[in-house]
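A.B. asks: Below are the C-alpha cells for one structure; questions will follow.
Readers should treat all values here as calculations from the given coordinates under stated rules, not as data from a laboratory. Since we're looking at a predicted model, the values are computed, not measured. Cβ placement follows ideal geometry from the backbone for every residue including glycine, while neighbour counts extend to all protein chains displayed.
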Amino acid sequence: MHRSTRFATYFAGLVVAASIVSSPAAAQGSPVGKGSWIISGSAGVSSQKADGADGSTTIITLAPSALYFVSPGVAIGGAVTFGYFNSPQSSATTFGVGPAIRYYFGDRTAKTLPFVSAMVAPTWQSTDPKSSSVVNTSSHNLEIEGTIGFTHLLVPHVGITGEAYYDRLSFDSDRGDFHVTQDSYAIGVRFGLTAFVF
C-alpha cells in the first residue's frame, strides 16, 4: 500500500491568543500550577492507494482536548475525537468524547516537564457502503489510552511535547444479522505542541 500524504500536528492557536492578553504577572506563574489550562489537540489527513486498485482511500482525523489544573501538576478535563474515512467501497464517520487526566511530576519550575496521562473515550462509528447489496453498519467502541512523555517549554505558554502511548480499542459492531466484537492494541510515539493558559 502506498501512502502518498500523511501529517499530524498539534493545535496551539488558542494559547497564542491567550499569551497576547496575559498579564506580565500571570506570565511569571507556573504553567502547571493550580488554575492553569492545557489546550491541545491533533489533526491528520492521509491518502492511501493500493497498487492495482481503483480509487484511493482518504482519512481525516481531529482530536482537540482541554484540561484544567485542579492542583499543582494535576490536570483533568476531556477530549473529543472525530474521524472521516472514504474509500471506493464505503465511507464512515466516527465520534468520541471522554475524560482525560495528566500528571506532571518533577521540578514544576523547569523548562522540561515530564508527565503521565490517561484517557477513556467511548466512540461511535457509522459506515455507509457504496454498494446497494451491502447493509449499513454501526459500532460502539471503547478506547483506553495511557501515555508517558515530556513537554519542553519553548516560551512560557507553549512547549513541544513528545510521548509514548499504549492504546486499547474494544470494538462492538452490528452488521445486519451479525454481531462482531474484537479487541485491538497499539503502541507508538507522537510529537506536537502543547499550549498552557495561566
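A.B. asks: Once you compute Rg and the Kirkwood Rh from C-alpha atoms, what is the Rg to Rh ratio for region 67-188?
C.D. replies: Rounded to two decimals, Rg over Rh is 1.12.
A.B. asks: For region 95-190, give the magnitude of the charge dipole about the Cα centre (Cβ charges: +1 Lys/Arg, -1 Asp/Glu; no others), in debye to the nearest 20.
C.D. replies: That gives a dipole near 420 debye.
A.B. asks: Do any trypsin sites (Lys or Arg not before Pro) in region 46-126 lie in a loop, going by DSSP, with at most 16 other beta-carbon atoms within 10 Å of their beta carbon, and if so which?
C.D. replies: ARG108, LYS111
A.B. asks: Report, ordered by chain and residue number, the aspartates and glutamates lying within cross-link reach of LYS111, taken as a straight Cα distance under 18 Å and ignoring same-chain residues fewer than 8 apart.
C.D. replies: Filter leaves GLU163.
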